[in-house]
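Worksheet: one structure, shown below.
A short reminder: the numbers here are calculations on the coordinates, not readings from a lab. Because the structure is predicted, anything quoted here is derived from the model rather than measured. Virtual Cβ from ideal backbone geometry, glycine too; neighbours counted across all protein chains shown.
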Amino acid sequence: MLSNITVSVIEDVKAVREMLGSWIRKAPGFACSGEHATGESALAAIPQEKPDIVLADINLPSMSGIECVRRLKAQLPQTQFIILTVYEDSDTILKALAAGASGYLLKRTPYEELLAALRD
């Protein structure tokens, strides 16, 4: 039997963080390994979680999502990082990819598309 794809969420807006965690927990074949409100809390916990995928908001308080991804990718080279953003700004997206993100999703991405992207 295949194991679940584990996903950790880094998102400072509580309602969005909880919604994403709920979507992941309800989806067949997925498990939510953690939900984090800040880059700092994610840096402390995610190396122990060792998720398959990290969904990271690009705009976090104090430490940016890009900096958080850069630091975590160095510790977890096998983990895939997906940036969540409201921006379709190519400069921001390129910075995220340079930091180690595998891709990005817009925050308005519908549930089914989000899960399909995570499966890919």
What is the dipole size for the stretch 21-63, taken about its Cα centre, with +1 at each Lys and Arg Cβ and -1 at each Asp and Glu Cβ, in debye to the nearest 20?
-> 180
Using 0.36 nm per residue of separation minus the Cα-Cα distance, give me the extension gain between ARG119 and ASN4 in nm, one decimal.
-> 40.4 nm
Would you kindly work out the equivalent ellipsoid of the stretch 1-62 from its C-alpha gyration tensor and give its semi-axes, the square roots of five times the eigenvalues, largest first in whole Å?
-> 20, 14, 7
Can you give me the relative contact order of the chain as a percent, contacts being Cα pairs under 8 Å and 6 or more apart?
-> 23
Helix-only [θ] at 222 nm, the chain, -39500 (n - 2.57) per DSSP H run of 4+, per residue, nearest 500, equals -13000 deg cm²/dmol
Please work out the C-alpha center-to-center distance from the stretch 96-120 to the stretch 1-62 and express it in whole Å.
-> 13
Loop-resident trypsin sites (Lys or Arg not before Pro) in the stretch 87-120 with no more than 14 other Cβ atoms inside 10 Å, DSSP not H/G/I/E/B, are ARG108
Which of VAL13, TRP23, GLN78 sits farthest toward the positive end of the charge dipole of the chain, with +1 on the Cβ of Lys and Arg and -1 on the Cβ of Asp and Glu?
-> GLN78
Restricting things to alpha carbons, find the Rg to Rh ratio for the chain using the Kirkwood radius for Rh.
-> 0.92
Once you charge only the Cβ atoms, +1 for Lys and Arg and -1 for Asp and Glu, what is the size of the charge dipole of the stretch 1-98 about its Cα centre, to the nearest 20 debye?
-> 300
Per DSSP, loop GluC sites (Glu not before Pro) in the stretch 76-120 with at most 11 further Cβ within 10 Å | GLU88
